[in-house]
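The values are calculated or read from the model by the stated rules, or taken from the named source; none is laboratory data. Please read all numbers here as calculations on a predicted model, not as lab measurements. As a convention, Cβ positions derive from the backbone with ideal geometry for all residues, glycine included, and neighbour counts pool all protein chains shown. What goes into the accessible areas is simple: the full protein's heavy atoms, side chains included, and nothing from ligands, DNA or RNA. Shrake-Rupley method; radii C 1.70, N 1.55, O 1.52, S 1.80 Å.
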Amino acid sequence: FTGAYIVPAIPHEILAVGEFVITKNILLMLLFAVLMIVASYSMIKKTKHHQEKVAKKQQFNYPLILIEGIVVGILTGLVGAGGGFLIIPALVILSKLPMKEAVGTSLVIIAAKSLIGFLGENSETPMDYLFLAKVTAFAIFGIFIGMALSKKIDGAKLKPIFGWFVLIMGIYIIIKETILQ
């Protein structure tokens, strides 16, 4: 929806400051970077309880989950990203999922979104199925590596590491799109 209706409605040139022109692509990348930085803060900051607690019975606020799903869907459709950097913090903070479960859930959500996007693509561009098979094989290989590593990494330590990675990438994108342009 967002990619089909909202993004095409944004003008190509948004603002010109001297010789620097903010185009639609630069604006979307800057929005993406700011969202990454905001999401990273929520992952890095220390909570009152330093260890993740496993609740005996998980309570879900389904209206809140629906709202966060819609917001994340619109934002990721707008910036053209998979959304893991938004989905994971939303699942950890708003749904109170442990980090490892949030990562796994995020991967399932991203896979479903990708499949829907792939099946909905009606492009005239021919599909390179050999390349698609290679990427799929590497992804499956990565899944097995990730499963092995997940047994050795504490979820409470993974949360701030992920947050710092997202923060660094967000800052890099801002620098790349503004200063290194």
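Across the chain, the relative contact order, built from alpha-carbon pairs under 8 Å that are at least six residues apart, equals 38 percent.
Based on the Kirkwood approach, the hydrodynamic radius assigned to the chain is 18.5 Å, with every pair of different Cα atoms included. For the chain, the carbon plus sulfur part of the accessible surface works out to 71%, probe radius 1.4 Å. The calculated 222 nm mean residue ellipticity attributable to helices in the chain amounts to -21500 deg cm²/dmol, summing -39500 (n - 2.57) over DSSP H runs of n ≥ 4 and dividing by all residues.
Compared with the alpha-carbon gap, the fully stretched path from L66 to T23 is longer by 12.3 nm at 0.36 nm per residue.
Can you compute the FRET efficiency between A133 and I10 using 1/(1 + (r/R0)^6), with r the Cβ-Cβ distance and R0 = 25 Å? Round to the nearest 0.05. Given R0 = 25 Å and the Cβ-Cβ separation, E is 0.10.
If packing is taken as the average number of other Cβ atoms within 10 Å across a peptide's residues, how do 151-163, 135-147 rank, most packed first? Mind dumping the intermediate values first?
Numbers: 151-163: 15.1, 135-147: 10.2.
For the peptides 151-163, 135-147, the packing ranking is 151-163, 135-147.
Summed over the residues of the range 1-42 and divided among them, the accessible surface reaches 64 Å² per residue at a probe radius of 1.4 Å. Normalised per residue, the accessible area of the range 102-166 is 80 Å², obtained with a 1.4 Å probe and no contribution from ligands, DNA or RNA.
The longest part of the chain holding none of the exposed loop GluC sites (Glu not before Pro), meaning those outside H, G, I, E and B in DSSP with at most 12 other Cβ atoms within 10 Å, is 20-120.
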